[in-house]
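As structure tokens, the structure follows; a few thoughts come after it.
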Amino acid sequence: MHDLQAIATQVRRDVIRMVTAAQSGHPGGSLGCADFFTVLYFSVMKHDPEHFSMDGHGQDVFFLSNGHISPAWYSVLARSGYFPLPELGTFRKLNSRLQGHPATLEALPGVRMASGSLGQGLSVGIGAALAKKMNGDPHLVFVLTGDGEIQEGQVWEAAMFAAARKVDNLILTIDYNNKQIDGPVDEVVSLGDLRAKWEAFGWKVLETNGNDISSLLATLAKAKSVCGMNKPIAILMHTEMGYGVDYMMGTHKWHGMAPNPEQADRALVQLPVTLGDY
Amino acid sequence: MNLYHTDEKKETRAGFGEGLLELGRTNPEVVALCADLTESVRMDAFAVEFPSRFFQVGIAEANMIGIAAGLTIGGKIPFTGTFANFSTGRVYDQIRQSVAYSNKNVKICASHAGLTLGEDGATHQILEDIGLMRMMPKMTVIVPCDFNQTRAATIALGSHTGPAYLRFGRPKVPNFIPASLPFVIGQAQQLTDGDDVSIFATGHLVWHAILAREMLEEKGIQARVINIHTIKPLDTKAVIASLSATGCAVTAEEHLRNGGLGDAIAQEAARHFPVPLEMVAVDNQFGESGKPDELLEKYGLTAPYIAAAASRVYKRKRSTTG
């Protein structure tokens, strides 16, 4: 667990350095989900970074639906061995495989689907989960969405379908930081009782503290243990946008804005080097 | 003389249904998804014979496109089915991001395209779909002309890799393409000889182009009818060869002039072989309720309109060259 914490801290450093170098990108949600990505890729998922295949047969697969938090995902992909670490320095730059939002045309290992236009990842995950069942592949499909993202109607089409068809090899995590571009989700368009909504749609619902590694480990282990029980699984993951950098927390201001170099320095002193910078 | 005379009338959508069933029997990776129109789009036979490979998604087209994209990741070859309007306009962004930009092997199969959907009216009669799908990078666009060709095109898509849009229709129309004629994606079919004018037609209007050719022949004009069943990638070589042979052309489609076959041909003509061109298409308007034949007549898409356009363009050619 100590190691996971160290990795997550390094991932946060990577996020700050990537968006600062690009002078664009989405640090807030990336920092909030750094612990989740770390736990997923370094502890929970069964996957083989050295042998990435598009069809993902014989491995767990992951889809990032809220593609704008790509910096944290790219960092974890690189640090778990999908592609060379120095490539993180190309994020959002011309001729890079690390597009602003995840894409497949540049063939970045680890990415199976473009995302960025919101609300589509759960449907894709359901399709991949159905294919795994048809192929007799017992591995799981993981999807991450934002919370503001589930204002998109397609998410609820997918929610209804997954429960009706008992897609029970699928674990959806919702990054519940209650922030979106225009302000608090509760003020923009409230999600209401989110737990009750997913339960009413027929999902098994778990909750976790997404900025506490032991909470994430326990919840994801529990989620895996209730797969195969005729219900899709949703985890309401409570996070703090900007977690780990004091001035980026408690505000939605850093949803889609890069720090200037001086601000970046103030962030990086709070995030000591643990594994070495890219 | 009409080389393609036939008394048999069949739906293009039925050709799709037969082709899909055939694919189901020959390729275990082929799966089908439908948004509550299984019988209408003729997927019912597939659904009955392969229940574990058929996904009823309900009235949720966006979700259907996303699930189809996800199924490709497990190596499946998904064919989605609904009306053309709900296959394109309603889900443009889902197709754009999850299928085309992600380069997934999804076959989007669209029935009830164009005016000939009939009485349901303009809410369902999409006339922009060819344009929408043609514009999209990575997308192949196929518009077969009759039952036999729709069946053959469906089967051909089973071994094609990449995003594709297959457009067909609701009514019974003459089934005149020999079942034995091979279907090659991207290869135009010259159906008749003629050196006076080229007629490039697609979908239901190919038959009308053949009828127009007979009318023109009575006036001493020899039309070369070319079936453009693949609008993208366009068979540029065949188009330019025909334009050089005839020196003028008419395009004919059950679609808006903006964005359709006429636009595609005009682009190639303007860039490589500029000649007088006329376009038989719907002009910047929505359709309306009516019987298919009445609608084709009212919107100027039948054989006499194609023949008149051919006469006009032939005259233009002679006045510029003569």
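The values are calculated or read from the model by the stated rules, or taken from the named source; none is laboratory data. Here the structure is a predicted model, which is why all the values come from computation and not from measurement. Ideal geometry is used to build each Cβ from the backbone, glycine not excepted, and the neighbour counts take in all protein chains shown. For the accessible areas, the whole protein counts, side chains as well, though only heavy atoms, and no ligand, DNA or RNA atoms are used. Shrake-Rupley method; radii C 1.70, N 1.55, O 1.52, S 1.80 Å.
Taking 50 Å² as the minimum loss, tell me which residues in the range B:68-90 lose that much accessible area going from the chain by itself to the full protein complex (1.4 Å probe). So the qualifying set is B:Ile73, B:Lys76.
Checking the Cα-Cα distances for A:Lys132/A:Lys224; A:Lys132/A:Lys222; A:Lys93/A:Lys253; A:Lys46/A:Lys197; A:Lys179/A:Lys253 against a 19 Å cut-off, the pairs over it are A:Lys132/A:Lys222; A:Lys93/A:Lys253; A:Lys46/A:Lys197. For the range A:10-169, the Cβ-based charge dipole about the Cα centre amounts to some 240 debye (Lys, Arg positive; Asp, Glu negative; other atoms uncharged). Mean residue ellipticity, 222 nm, helices only, chain A: the sum of -39500 (n - 2.57) across DSSP H runs of n ≥ 4, divided by residue count and rounded to 500, is -11000 deg cm²/dmol. Remark: spin-label model distance A:Ala6-B:Glu268 equals 6.3 nm, labels positioned 7 Å along the Cα→Cβ axis. First compute the accessible area of the range B:9-174 with a 1.4 Å probe, then give the percent of it belonging to carbon and sulfur atoms. The computed percentage sits at 50. Per residue of A:159-166, other chain Cβ atoms within 10 Å of the residue Cβ number 3 on average. Computed from label points 7 Å out along Cα-Cβ, the spacing between A:Asp246 and B:Thr161 is 5.5 nm. Each Lys and Arg Cβ is given +1 and each Asp and Glu Cβ -1; about its Cα centre, the protein assembly as shown then shows a dipole of about 840 debye. For the residue pairs B:Lys291/B:Lys315; B:Lys172/B:Lys317; B:Lys219/B:Lys317; A:Lys166/B:Lys76, the alpha carbons lie more than 26 Å apart in B:Lys291/B:Lys315; B:Lys172/B:Lys317. Loop-only trypsin sites (Lys or Arg not before Pro) in the range B:138-197, please: DSSP not H, G, I, E or B, and at most 11 other Cβ atoms within 10 Å. Counting only loop positions with at most 11 other Cβ atoms within 10 Å, none of the trypsin sites (Lys or Arg not before Pro) in the range B:138-197 qualifies.
With the simple model of a label 7 Å out from the Cα in the direction of the Cβ, A:Asp186 to A:Lys93 spans 4.2 nm.
Counted by Cβ distance under 14 Å from B:Ile73, the other residues give a net charge of +1, where Lys and Arg count +1 and Asp and Glu count -1. Roughly how tilted is helix A:213-225, in degrees to the nearest 10 and between 0 and 90, from the longest Cα axis of chain A? Long axis of A:213-225 versus the principal axis of chain A: about 20 degrees. Projecting the Cα positions of B:Ser102, A:Pro71, A:Ile16 onto the charge dipole of the protein assembly as shown (unit charges on Cβ atoms of Lys, Arg, Asp and Glu, taken about the Cα centre) puts B:Ser102 furthest along the positive direction. Scaled against 2.2 N^0.38 Å for its residue count N, the alpha carbon radius of gyration of the range B:189-321 is 0.97. Compared with the direct C-alpha span, the chain from A:Gln270 to A:Met160 gains 35.3 nm at full extension, assuming 0.36 nm per residue. Gain on full extension, evaluated as 0.36 nm per residue between B:Ala122 and B:Gln222 minus their Cα-Cα distance, stands at 32.4 nm. The translational diffusion coefficient of chain B, from Stokes-Einstein at 25 °C and 0.890 mPa s with a Kirkwood hydrodynamic radius over alpha carbon pairs, comes to 126 µm²/s. For the pair A:Phe42 and A:Val226 in one chain, pulling the backbone fully straight at 0.36 nm per residue adds 64.2 nm over the alpha carbon distance. Farthest toward the positive end of the dipole of chain A, out of A:Val141, A:His57, A:Gly202, is the Cα of A:His57, where the dipole comes from beta carbon charges about the Cα centre. Taken about its Cα centre, chain B carries a charge dipole of roughly 840 debye when the Cβ of each Lys and Arg holds +1 and the Cβ of each Asp and Glu holds -1. Over all Cα atoms in the protein assembly as shown, the spread is summed up by Rg and Dmax: 27.3, 89 Å. Among the GluC sites (Glu not before Pro) within the range B:1-77, those in coil by DSSP and having at most 14 neighbouring Cβ atoms inside 10 Å are B:Glu8, B:Glu39.
Annotation for the range B:249-291: GluC sites (Glu not before Pro) lying in DSSP loop with at most 16 further Cβ atoms inside 10 Å of their Cβ are B:Glu288. When the alpha carbon gyration tensor of the range B:9-174 is reduced to an equivalent ellipsoid, the three semi-axes, largest first, read 20, 19, 15 Å. A dipole drawn for the protein assembly as shown from +1 and -1 charges on Cβ atoms has a positive end, and of B:Val239, B:His112, B:Leu211 the residue lying farthest that way is B:Val239.
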